[in-house]
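Every read-out reported here was derived from the displayed coordinates using simple, explicitly stated rules and does not represent laboratory data. Keep in mind that what you see is a predicted model, and the values were worked out from it rather than measured. No Cβ is skipped: glycine too gets one built from the backbone with ideal geometry, and neighbour counts run over all protein chains shown.
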Amino acid sequence: MRRKLAAGNWKMNGTGAALAELESLSALHHAPSVDVLVCPPATLLNRAAQTVHGSGISIGGQDCHSEVSGAHTGDLSAEMLRDAGATYVILGHSERREDHGEQNEDIRAKARTAMNAGLVTIICVGESLEQREAANTLDIIGGQLSGSIPDQSTGENLIVAYEPIWAIGTGKVPTLEEIGDVHDFIRARLERRFGEGVGRSVRLLYGGSVKPGNAAEIFNVSNVDGALVGGASLKAQDFSGIISALEREVS
Ligand code: PGA
């Protein structure tokens, strides 16, 4: 059985004052029956880890470098994230692919380093609106999967997040059928590459405008094992609604 995961991505939002939201979240979801992860900006990682300590909520980074250490001003290594209290890292988010020109091979190199450092790695894939309209979605996702996922992946160290770029922060969500088609495709690709055992154990998250109001129906789709949530993870109340919907799915 794949353990469900509600993951929050704060992106470039939040200073120390935002830790109050994490405090509320840990009070609302002490020892949750699904995995709960919050990925704050790197400046908050250590304090966030202290804030959720003992609650069962995990903390993750939003990116890391592909090298273990060295002359890379402004960058952070996987080991630094671990040292600050992170157990997960998001890699290859479409905003990193766009803002920093990250290519599949860069993401694969980062993922290798993150896995070697013992981080659970969430690799993001997703098509643009143009690509969807041109009926290229599965080709694009297939290329991203084979290019960005390293060979050493297992059900323990890899999570794949399907995030259509046009659904991120827009309030637009694919139909449940469209989500199901892509998730089934990702599952089949993982099984083909890694074998049924590993392929079936990797968790698949949907991301893009997930809210408390649409979470339950999305969690009901086959091969959706949880969500990667941006905007609605910033407020404890909203994220709590999504976590509760996921908890109802497993109960
Ligand atoms: P959103 O972002 O929930 O604000 O659409 C999702 C993401 O980018 O992970």
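Points worth noting:
- Classified by the C-alpha gyration tensor, the chain has a rounded form. Its axis ratio a/c, with a ≥ b ≥ c, is below 1.5.
- Considering only Thr170, Thr137, Thr87, the mean-square fluctuation computed in a Gaussian network model of the chain, springs between alpha carbons under 10 angstrom, is largest for Thr170.
- Structure remark: mean-square fluctuation, Gaussian network model of the chain, C-alpha springs under 10 Å; the largest value among Gly74, Gly241, Gly61 belongs to Gly74.
- A run of the chain free of exposed loop cleavage sites, with GluC sites (Glu not before Pro) counted only in DSSP states other than H, G, I, E and B and at most 15 other beta carbons within 10 Å, reaches its longest extent at 157-251.
- Between segment 141-196 and segment 1-63, the alpha-carbon center distance in angstrom: 23
- Gaussian network model of the chain, Cα within-10 Å springs - most flexible of Asp63, Asp83, Asp225: Asp83
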